[in-house]
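The values are calculated or read from the model by the stated rules, or taken from the named source; none is laboratory data. Quantities reported herein were computed from a predicted structural model and do not represent experimental measurements. Glycine also receives a Cβ, built like all others from the backbone with ideal geometry; neighbour counts cover every protein chain displayed. These accessible areas exclude ligands, DNA and RNA; they are computed on the full protein's heavy atoms, side chains included. Shrake-Rupley method; radii C 1.70, N 1.55, O 1.52, S 1.80 Å.
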Amino acid sequence: MTEPERSPIVPAPDLTLAVIVGSVRRPRVGRIVADWFTETARRRTYLAVDLVDLAEVDLPLSGTPAGGNPNSPIAGRLASADGFVVVTPEYNHSFPAALKNAIDWHYREWMFKPVGFVSYGASSGGIRAVEQLRLVFPELYGATTRNAVAIAGPRRLVDQNGTLVVDAPTRQAADTMLTELTWWARTLRTGRRDNPYPG
């Protein structure tokens, strides 16, 4: 009598990654880009991925107190994340106002956590938006990754099923960024737990 074949043991995720869709325009390609990246990230079984689409979140432009608002609709989701990936377009040489508003609505949620970027745009691939975000997050004690993903002309990469189809170098860029981001996520989580910042 042969033993029944055992299912492989899949380890439970031990890191939570929040993927933030920074565009709220209609129509937009940002959600398609974010869906592609989210699927890529979920192939790493140690990652639990939470897709936070700012187009589905009510964050007014006024009324939040200085120092963030822990009662915002997404504060709990951001607080529970070990790291972030911001999916951003480049609008007029910068990043969207809705994204800046979401960043400013929060404070402690970003502190001592890594932030990676997936950007998109016409010929630039959105890199100028990321350059400016690299100035914003350190002010909130966020640690931005060196590696990032930049996608030029994303609309031409969307197939008839509405799926983003990228080339091998873009897939490799995503993999490299995720490797760096998860290293920082584990390292900074240990630091927050074992040696909390005295502030």
Query raised in the report: Which value at 222 nm does the chain reach when only helices count, each DSSP H run of 4 or more adding -39,500 (n - 2.57), with the total divided by all residues and rounded to the nearest 500 deg cm²/dmol?
Result: -10000 deg cm²/dmol
Query raised in the report: What percent of all Cα-Cα pairs in the stretch 8-55 falls in each 10 Å bin, counting up from 0?
Result: 26, 45, 21, 7, 1
Report summary line: Per the C-alpha gyration tensor (a ≥ b ≥ c, the square roots of its eigenvalues), the stretch 121-163 is rounded if a/c is under 1.5, else prolate if a/b beats b/c, else oblate; here it's prolate
Requested in this report: Please figure out what share of the DSSP beta bridges in the chain is antiparallel and state it in percent, rounded to the nearest 5.
Outcome: 10 percent
Query raised in the report: Sorted by accessible area with a 1.4 angstrom probe, largest first, how do 103, 127 fall?
Result: 127, 103
Query raised in the report: Give me the Kirkwood hydrodynamic radius of the stretch 7-160 in Å, from all C-alpha pairs, to one decimal place?
Result: 15.9 Å
Report task. Would you tally the net charge around residue 74, using a Cβ to Cβ cut-off of less than 11 Å, leaving residue 74 out, and scoring K and R as +1, D and E as -1? Result -> -4
Query raised in the report: Can you work out the base-10 log of I(q)/I(0) for the stretch 42-90 at q = 0.19, 0.32 1/Å, using the Debye formula on its C-alpha atoms alone?
Result: -0.80, -1.34
Requested in this report: Let me know the longest stretch in the chain that avoids all trypsin sites (Lys or Arg not before Pro) found in a DSSP loop with at most 11 other C-beta atoms within 10 Å.
Outcome: 44-145
Requested in this report: Classify the stretch 71-199 as rounded, prolate or oblate from the Cα gyration tensor: take a ≥ b ≥ c as the square roots of its eigenvalues, call it rounded if a/c is under 1.5, otherwise prolate when a/b beats b/c and oblate if not.
Outcome: prolate
Report task. Just check the stretch 131-192 against the gyration tensor rule for me: Cα atoms, a ≥ b ≥ c as the square roots of the eigenvalues, rounded for a/c under 1.5, and otherwise prolate or oblate depending on whether a/b exceeds b/c. Result -> prolate
Query raised in the report: By DSSP, what percent of the beta bridges with both residues in the stretch 1-110 are antiparallel, rounded to the nearest 5?
Result: 10 percent
Query - Extended-chain gain in nm, criterion 0.36 nm per residue less alpha-carbon gap, residue 155 and residue 94 - result: 20.1 nm
Query raised in the report: For the residue pair residue 55 and residue 79, what label-to-label distance in nm results when each label sits 7 Å from Cα along the Cα-to-beta-carbon direction?
Result: 2.9 nm
Query raised in the report: Taking Cα pairs under 8 Å and at least six residues apart, what relative contact order does the stretch 79-152 come out at, in percent?
Result: 38 percent
Query raised in the report: Quick one: if you stick a label point 7 Å off each Cα along the C-beta vector at residue 122 and residue 25, how many nm between them?
Result: 1.1 nm
Report summary line: Within the set 50, 35, 159, GNM on the chain using Cα springs under 10 Å gives the largest fluctuation to 159
